[in-house]
1. Any idea which of (1) modelled with pLDDT under 95; (2) within 21 Å of CYS354 (Cβ to Cβ); (3) part of a loop (DSSP other than H, G, I, E, B) is the one MET226 doesn't satisfy?
2. When you go through LYS325, LYS340 one by one, which is the residue that is over 20 Å from ILE203 (Cα atoms) and among the basic types (Lys, Arg)?
3. Pick from TYR330, TYR351: which is out of contact with any Leu (no Cβ under 9 Å at 6 or more places or on another chain) and under 30 Å from ALA292 (Cβ atoms)?
4. Has the range 286-303 got at least one residue that is within 18 Å of PRO347 (Cα to Cα) and in contact with a strand residue (DSSP E or B) (Cβ under 8 Å, 6 or more places away or on another chain)?
5. Pick out the one residue from LYS221, LYS194 that is in the same structural domain as TYR154 (by TED's automatic domain parsing), surrounded by 14 or more Cβ atoms within 10 Å (Cβ to Cβ) and out of contact with any Lys or Arg (no Cβ under 8 Å at 6 or more places or on another chain).
6. Any chance the range 316-336 includes a residue that's touching a residue at least 60 places away in the same chain (Cβ under 8 Å) and under 30 Å from THR186 (Cβ atoms)?
7. List the residue pairs whose Cβ atoms are under 6 Å apart, where the first residue sits in the range 208-220 and is over 8 Å from LEU261 (Cβ atoms), the second is surrounded by 20 or more Cβ atoms within 10 Å (Cβ to Cβ) and among the polar types (S, T, N, Q), and the two are 6 or more positions apart or on different chains.
8. Of (1) under 25 Å from ILE346 (Cβ atoms); (2) touching a strand residue (DSSP E or B) at 6+ places or on another chain (Cβ under 8 Å), PRO283 satisfies all except one. Which?
Amino acid sequence: MAFNPNVPLGSHEGLADLVAINENFNQLRKFESGATEPSNLTANMIWADTTANLLKLRNEANTAWQNIWDFGNNRLPLNVLAPGELTADAGGRGKMAALYITDAKVNDVAVTKISGTITPSDTTVGQAKLKTSTGSVSQYEGGTSLLTLPGGEYGFYPRVWVTGGVGGSSLGGTAFTNTSAATLITLSQNTGLKYTYASQRYITASGEVHWIFFLRDKITKQTISMWQAPDHPCFGNGGKPLLVPHPFGGYNSTKHEIVVLNPTNAEMEEMLAKCDVEDETLPDKDLLQVIAEEYEIDEASNAAWPTKEVTVGLPKFVKDKNGKKVPTDYRFMPSGMEVKPIKKQIPKPDYILCRKLKKK
C-alpha cells in the first residue's frame, strides 16, 4: 500500500477510511526514519535530512545543497576545514547572514594568555581591545619642573594645555641626572598664570591603586607640581620603585616635601564625574584640575601607605618550557607562551607624607 491523500471523505465507508489513515501514518513514520534526497529538484527547495540532522536549501543555480541549520545541535552548521579550524558553511552563511555574527574562522585570531585573560594577536588589536588609562602632571605658576610621565614606555605623546592665560610647556630645557631610563617632560609656567598641564594616555594591565603625588614647598606648603595616574610612577619607567620612587625630577629634600594620596574607588568615581563638562563651548577637565579647584590636602589626616602588590610593567624576558630565557618580543617568543605582568609591593620612602583629600 502507499500514502493515500484522499482520506477521509464523506462518501467513503468509515472502516475503510480508518485502515487508510493507519497506513498513511505508517508511511509518514517510514519517511521520518529514512528520508532520502528528493528527486525532481528545484531551486530554493528545502529538505530536512534526518540522517545528517541538517536542514538544507537548494542553491539558486540548482546545482547543490546548502546547509542552513543543524537542528541536531540547534545551531548554525559548522564544517571542519582543517585541524583546529572551523567556519560556518558558506551557503548557509549567505542565506542566514542576519543570524551569523562574524565571517569567522575561529583560529583567525591567534591568542596568547596574559595573566588570566585572552589577548588578540598583534595583527588583530583594535582600539576597543586596548586597555588604556590616562595620567597627568601639572606645574604651578612661576616655576619649571622636570616630571616623569605616567605610563612611561607604554605611553602615547602627551597633550598639553594651560589655565588662566598663555604659558609654555616643553619636552626639554632642563638637565636631568637620573641614571635609570624614564619618560620625562619639562613643564614651565609663566608668572601670573595658574597651572600648565600635560596628560598622557598609556597602555596598562594594572590599575590596582590610584596614586596622586604633590610636590610642595617645605615651609609655605605651596603646591609646586602635581601628578596622578592609576599606576605608580615606576610603571613603564623601568619598573623599579627604588629607582623611581616619585615623579619629581627636581625634588630637593631641603626645599621640598612630597605628599601621596590614594583615593578609594568611591572617591575616584566622584572626582572623575566632575571632569565631564556638559557645556559644548568649554573643554572637559582633567582630574588634576578638579583636585586643584575643588579639593585640598587634609593636613590633619594620616593615611596608610598601600601594601598590596601593584603592576610595575611587563617582563623583558620569560622562560620557555626548557627553562631558556626568551626576550618578550614577538620575533622570539614561541606561540602561546604565557606572559605575566610584574607585580611588586611599593616600599614607602621615609620622606613621603601620606594624607587624604578633603573638599574645600
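1. Result: MET226 fails condition (3) only.
2. Going through LYS325, LYS340 in turn, just one is over 20 Å from ILE203 (Cα atoms) and among the basic types (Lys, Arg): LYS325.
3. TYR351
4. yes
5. Numbers: LYS221 fails: surrounded by 14 or more Cβ atoms within 10 Å (Cβ to Cβ).
Going through LYS221, LYS194 in turn, the sole match is LYS194.
6. no
7. Going by the 6 Å Cβ cut-off, the qualifying pairs are LEU215/SER225.
8. That leaves (1) as the condition not met.
The values are calculated or read from the model by the stated rules, or taken from the named source; none is laboratory data. Predicted model only: the values in this text are computed from it and were never measured. Ideal geometry is used to build each Cβ from the backbone, glycine not excepted, and the neighbour counts take in all protein chains shown.
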